[in-house]
Amino acid sequence: MKHLPRVLIVEDEPAIAELIAVNLRHGGFFPVVAQDSVSAQTELDAVLPDVILLDWMLPGQSGLALARHWRGQARSKSIPILLLTARGDEPDKVTGLDAGADDYITKPFSTQELLARIRAVLRRRAPESVNDSVSVGALVLDAATHRISFQKQEVKLGPTEFKLLHYLMTHAERVHSRSALLDKVWGDHVFIEERTVDVHVKRLREALGAAGKMVETVRGAGYRLSLVAIHPPVPAAQSGT
């Protein structure tokens, strides 16, 4: 039997939750509805979903707090989270992404937009189709096993950060604009804003720890992964006079 991607819908408005669930069923997904943080945690503890649609405004614990909590738990850290909210201003979007959301959908949204965004985050979550292993200095990424290490210490990354790092490592020392990264990492980025790249780069640096210095900001141009950032060249000795 074909596996249908399981989508946990955390939405306290029954009519909205049911409408989303119906559209997801028609779109080839298996929706599960929870109306608050407690029931959402119960559903997640029972079966891990493939993706979470999380309303910002929930009774009790907010969706924002719930996203932060799930990102801090090893079991749920890598599950893609799409934040649903009526807040459309850029500061609110950045706040949602900083809290751990992979994407952001502003209400009201179309069914086509919702399905496109879900499919996009699921593609980003899937392991790379190539089975390569790439290394830049002591930073090693194995696409086959979906593992990263720095100086032989394991590094944990979410699905978007993994794909972002994989692309930067396979194109090391080159400068990539935000729009280029959106095209290569996010793919169908018609709904994604360039500011999203900055948030995920920040998250990638934090997860990499000491290796985060390798992800450089090139002012006015974009980002580059460089070994020089950790091991700068030794200046040539000055000749005596």
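The values are calculated or read from the model by the stated rules, or taken from the named source; none is laboratory data. All values derive from a computational prediction rather than experimental measurement. For neighbour counting, all protein chains shown are included, and Cβ atoms are generated from backbone atoms with ideal geometry for every residue, glycine included.
So which residues in segment 138-171 are small (Gly, Ala, Ser), over 15 Å from Ala207 (Cα atoms) and at pLDDT below 90? Selection gives Ala143, Ala144.
Residue-by-condition table, conditions (1) over 26 Å from Val51 (Cα atoms); (2) modelled with pLDDT under 90:
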position: Lys184; (1), (2): no, yes
position: Phe191; (1), (2): no, yes
position: Asp198; (1), (2): no, no
position: Leu208; (1), (2): no, no
position: Met214; (1), (2): yes, no
position: Arg224; (1), (2): yes, no
position: Pro232; (1), (2): yes, yes
position: Ser239; (1), (2): yes, yes
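Going through Leu84, Leu48, Leu24 one at a time, which residue ends up being within 18 Å of the chain's Cα centre (by Cα) and either part of a helix (DSSP H, G or I) or within 25 Å of Pro108 (Cβ to Cβ) (or both)?
Residue meeting the stated conditions: Leu84.
Do we have Ser62 as under 22 Å from the mean Cα position of the chain (by Cα), among the small types (Gly, Ala, Ser) and under 23 Å from Pro159 (Cα atoms) here? Here the answer is no, as Ser62 does not meet what is asked.
Going by the structure shown, is Leu64 assigned to a strand (DSSP E or B), closer than 18 Å to Thr196 by Cα and without any contact (Cβ under 8 Å) to a residue 40 or more places away in the chain?
No, not satisfied.
Just checking: which of the helices (runs of 4 or more DSSP H) contained wholly in segment 131-228 hold 1 or more residues that are touching a Gly at 6+ places or on another chain (Cβ under 8 Å), outside the structural domain of Thr95 (by TED's automatic domain parsing) and of a type outside the set (A, V, I, L, M, F, W, C)?
Correct list: 178-181, 195-208.
Only residues that are β-branched (Val, Ile, Thr) and modelled with pLDDT of 85 or more were counted across segment 112-137, and they come to 3.
Looking only at residues that are farther than 19 Å from Glu13 by Cβ and outside any loop (DSSP other than H, G, I, E, B) in segment 67-81, which one is modelled with the lowest pLDDT?
The extreme case among them is Arg71.
Taking the criterion of being within 17 Å of Glu113 (Cβ to Cβ) and β-branched (Val, Ile, Thr), the only residue of segment 23-51 that qualifies is Val51.
Going by the conditions given, is Leu182 of a type in the set (A, V, I, L, M) and within 15 Å of Ser78 (Cα to Cα)?
Here the answer is no, as Leu182 does not meet what is asked.
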